[in-house]
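A quick write-up on the structure given underneath.
The values are calculated or read from the model by the stated rules, or taken from the named source; none is laboratory data. The structure presented is a predicted model; accordingly, all values stated were derived computationally and were not measured. Glycine gets a Cβ as well: all are built from the backbone with ideal geometry, and neighbour counts include every protein chain shown.
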Amino acid sequence: MRNNTHITIPINSDIYSMSNSDVIRHTILAMLPAARARSQLGNGGIDASTKLLSVGLVDSKDLLDIILEVEARCGVVFNPERINFETGITLGSLVGAFDAASG
């Protein structure tokens with residue numbers, strides 16, 4: 001990632017009680033640069049329908065970095081068949097691609 005400033009995501013002290021998709025979502029959000037999120041989205045609000053590339057939160061290199069980091073941290077495998085790259089990669093579709101592949 002180009003910017004080392006990240007969004008701080010409060011995580012429940014008992015991470016083991018979180019669902020797999022919650023852990024993946026928190027990992028992805030933690031890797032998004034906070035300054036870029038605020039500038040692109042106004043209040044920094046990112047939800048499942050946010051198109052990460054379209055709004056400029058990440059570029060293709062950042063996306064690859066996020067995928068590799070989520071795989072390493074969460075012990076899951078990215079399944080590109082679970083994302084429609086033509087319609088845009090949303091936070092929700094990215095999380096779902098890991099969930100489907102982790103099986």
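A few points about this structure:
- Counting only residues that are on the phi < 0 side of the Ramachandran plot and either without any contact (Cβ under 8 Å) to a residue 12 or more places away in the chain or of a type in the set (G, A, S) (or both), the stretch 82-91 holds 4 of them.
- Against the numbered list (1) more than 12 Å from S21 (Cα to Cα); (2) in contact with a helix residue (DSSP H, G or I) (Cβ under 7 Å, 6 or more places away or on another chain), V70 comes up short only at (1).
Residue by residue, here is whether (1) in contact with a strand residue (DSSP E or B) (Cβ under 8 Å, 6 or more places away or on another chain); (2) modelled with pLDDT under 90 holds:
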position: M31; (1), (2): yes, yes
position: A35; (1), (2): no, yes
position: S39; (1), (2): no, yes
position: G42; (1), (2): no, yes
position: V55; (1), (2): no, yes
position: L63; (1), (2): no, no
position: E69; (1), (2): no, no
position: F78; (1), (2): no, no
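- Among the residues of the stretch 80-103, just one is under 12 Å from S21 (Cα atoms), polar (S, T, N, Q) and at pLDDT below 90, namely S102.
- Being closer than 18 Å to V23 by Cβ and in contact with a strand residue (DSSP E or B) (Cβ under 8 Å, 6 or more places away or on another chain) is true of A48.
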